[in-house]
1. Among PHE131, PHE102, which is the only one that is modelled with pLDDT of 95 or more, among the aromatic types (Phe, Trp, Tyr) and within 16 Å of the chain's Cα centre (by Cα)?
2. From the residues in the range 197-245 that are among the acidic types (Asp, Glu) and within 23 Å of the chain's Cα centre (by Cα), which one is most open to solvent (accessible area, probe 1.4 Å)?
3. So SER66 ticks every box in (1) buried (at least 16 other Cβ atoms within 10 Å of the Cβ); (2) over 17 Å from GLU156 (Cα atoms); (3) among the small types (Gly, Ala, Ser) but one. Which box is left unticked?
4. Before we move on, is THR155 modelled with pLDDT of 95 or more, of a type in the set (S, T, N, Q), part of a strand (DSSP E or B) and within 21 Å of ASP250 (Cα to Cα)?
5. With the requirement that a residue be open to solvent by less than 50 Å² (accessible area, probe 1.4 Å) and either closer than 13 Å to VAL229 by Cα or among the acidic types (Asp, Glu) (or both), what does the range 247-256 give you?
6. Out of (1) touching a Lys or Arg at 6+ places or on another chain (Cβ under 7 Å); (2) open to solvent by 20 Å² or more (accessible area, probe 1.4 Å), the odd one out for ASN124 is which?
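The values are calculated or read from the model by the stated rules, or taken from the named source; none is laboratory data. Computed from a predicted structure; not experimentally measured. As a convention, Cβ positions derive from the backbone with ideal geometry for all residues, glycine included, and neighbour counts pool all protein chains shown. Side chains included, ligands, DNA and RNA excluded: accessible areas come from the protein's heavy atoms. Shrake-Rupley method; radii C 1.70, N 1.55, O 1.52, S 1.80 Å.
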Amino acid sequence: MKKKYSILAAAALTAASLLTACGSGDKTSATTEAATTAAETTVAETTTEAAPAADLAVKVDTVDSSVNRDDGAAVIVSSYDTVSLSTGEDSYTDLADALNKFNDDESDRIQARLDSLQDAADANAGNKTDFDPYEVDSEVDVVSASPEYVSLLITEYTDTLGDTPEITARAVTFRSKDGAQVSLDDMVKDTSSLADTLASRLKSEYTDVTFNNDYASAIKSQVDGGNLVWNVDKNGVTFTFPEGQLASADDGELSVTIDRTADPDFFKN
């Protein structure tokens with residue numbers, strides 16, 4: 001069963017538009033292979049997120065798989081999401097191609113992750129008949145799907161049965177008209193003061209959170225390293241920090257939005 005770890009709210013389609021966009025919503029199946037053991041793969045669920053009506057309808061399919069011992073017992077259970085346009089592919093062919101490449105890259109990345117964990121997962125299972133498998137889940141949230149941008153937040157959960165599961169996040173934004181990947185420099189006028197701006201906003205918006213002593217420098221390291229997690233949304237740009245990154249994991253995921261209307265000078269266009 002796939003776990004849900006981070007969901008950004010997206011407006012839902014009405015029942016009628018959902019049926020139009022997704023058709024029958026039939027599940028498909030495929031078969032993959034992880035290292036030397038077979039991995040059975042099936043599309044477990046399909047959702048469609050788009051709002052308002054003028055936005056693109058984006059379909060998210062979940063691919064479930066497992067890495068199995070010779071006796072068929074799963075030593076790793078895994079899932080990852082793929083993303084595609086459910087309507088408008090004729091008008092957005094470059095975007096459709098970009099999403100297909102994203103899906104291929106996600107499949108390769110998850111496979112590499114499973115391969116890297118297999119030896120430890122096999123050792124964890126040993127010859128036991130009763131054991132907990134490792135788990136790797138990667139979930140895509142469609143933050144926006146407008147005629148201007150399609151922005152995706154990818155949250156990955158890895159449980160190797162230690163004290164605390166590892167939760168990481170990544171994000172990618174595509175320009176809808178040509179499928180080009182958008183960089184932060186394309187959106188933000190001046191990134192030199194971005195870390196200070198985010199640190200200040202977080203401190204003022206999360207008054208009940210005790211931040212790590214080095215949280216400001218941690219943000220700056222992300223900005224300088226180009227691995228800041230950000231998405232374009234209907235209000236502007238939202239920056240996301242997974243739980244445990246800047247404060248206690250008990251405080252959950254933290255985020256701050258720079259609003260295009262309230263802070264127009266922050267943006268290039």
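1. Working: PHE131 fails: within 16 Å of the chain's Cα centre (by Cα).
Selected residue: PHE102, the only one of PHE131, PHE102 that is modelled with pLDDT of 95 or more, among the aromatic types (Phe, Trp, Tyr) and within 16 Å of the chain's Cα centre (by Cα).
2. Kept after step one, since they are among the acidic types (Asp, Glu), are these residues of the range 197-245: 205, 208, 214, 224, 233, 243.
Narrowing the set further to residues that are within 23 Å of the chain's Cα centre (by Cα) leaves 224, 233, 243.
Details: ASP224: 108, ASP233: 32, GLU243: 77 Å².
Out of the qualifying residues, it is ASP224.
3. It is condition (2) that SER66 fails.
4. Values: modelled with pLDDT of 95 or more: yes; of a type in the set (S, T, N, Q): yes; part of a strand (DSSP E or B): yes; within 21 Å of ASP250 (Cα to Cα): yes.
Considered against the rule, which asks whether it is modelled with pLDDT of 95 or more, of a type in the set (S, T, N, Q), part of a strand (DSSP E or B) and within 21 Å of ASP250 (Cα to Cα), THR155 comes out as yes.
5. Taking the range 247-256 and keeping what is open to solvent by less than 50 Å² (accessible area, probe 1.4 Å), we get 247, 249, 252, 254-256.
Within the range 247-256, LEU254, SER255, VAL256 qualify.
6. (1)
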